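The values are calculated or read from the model by the stated rules, or taken from the named source; none is laboratory data. Remember, it's a predicted structure, so these values are computed and weren't measured experimentally. Glycine gets a Cβ as well: all are built from the backbone with ideal geometry, and neighbour counts include every protein chain shown. These accessible areas exclude ligands, DNA and RNA; they are computed on the full protein's heavy atoms, side chains included. Shrake-Rupley method; radii C 1.70, N 1.55, O 1.52, S 1.80 Å.
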Amino acid sequence: MISEYTAKHRLTFADNLCKGCDLCAAACPKKIIKMDKTRVNAKGYNPAMCFDIENCIACGICAKICPDSVIKVERDV
């Protein structure tokens with residue numbers, strides 16, 4: 001699990017469940033989620049990761065579109 005957070009919200013990625021489908025990155029209105037090309041997960045895919053957490057608006061679209069429930073968005077943590 002990888003967590004990225006600000007003072008107001010947190011994104012958690014169960015990166016070993018990610019199959020690199022890129023749906024979350026395509027859906028992100030801020031375009032801050034991308035496949036991490038520097039890592040490979042247990043399934044052999046480049047997992048999704050937030051590369052600019054400070055610009056995340058915690059809209060939750062990435063979590064909703066993920067078919068494998070890889071992303072968890074928590075507000076006001």
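Structure data summary
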{"item": "Extreme residue, farthest from the chain's Cα centre (by Cα), among residues of the range 1-39 that are hydrophobic (A, V, I, L, M, F, W, C) and exposed (fewer than 13 other Cβ atoms within 10 Å of the Cβ)", "result": "Ala7"}
{"item": "Asn46, sole failed condition from (1) touching a Ser or Thr at 6+ places or on another chain (Cβ under 9 Å); (2) open to solvent by less than 80 Å² (accessible area, probe 1.4 Å); (3) of a type outside the set (A, V, I, L, M); (4) modelled with pLDDT under 95", "result": "(4)"}
{"item": "Of residues in the range 42-62 being small (Gly, Ala, Ser) and free of Cβ contacts under 8 Å to residues at least 40 places away in the same chain, the one nearest to Ile32 (Cα to Cα)", "result": "Ala48"}
{"item": "Failed condition for Lys72, given (1) modelled with pLDDT of 95 or more; (2) open to solvent by less than 80 Å² (accessible area, probe 1.4 Å); (3) of a type outside the set (Ser, Thr, Tyr); (4) touching a strand residue (DSSP E or B) at 6+ places or on another chain (Cβ under 7 Å)", "result": "(2)"}
{"item": "Filtered residues of the range 1-31 (kept if modelled with pLDDT under 95 and in contact with a helix residue (DSSP H, G or I) (Cβ under 8 Å, 6 or more places away or on another chain))", "result": "Glu4, Tyr5, Thr6, Leu11"}
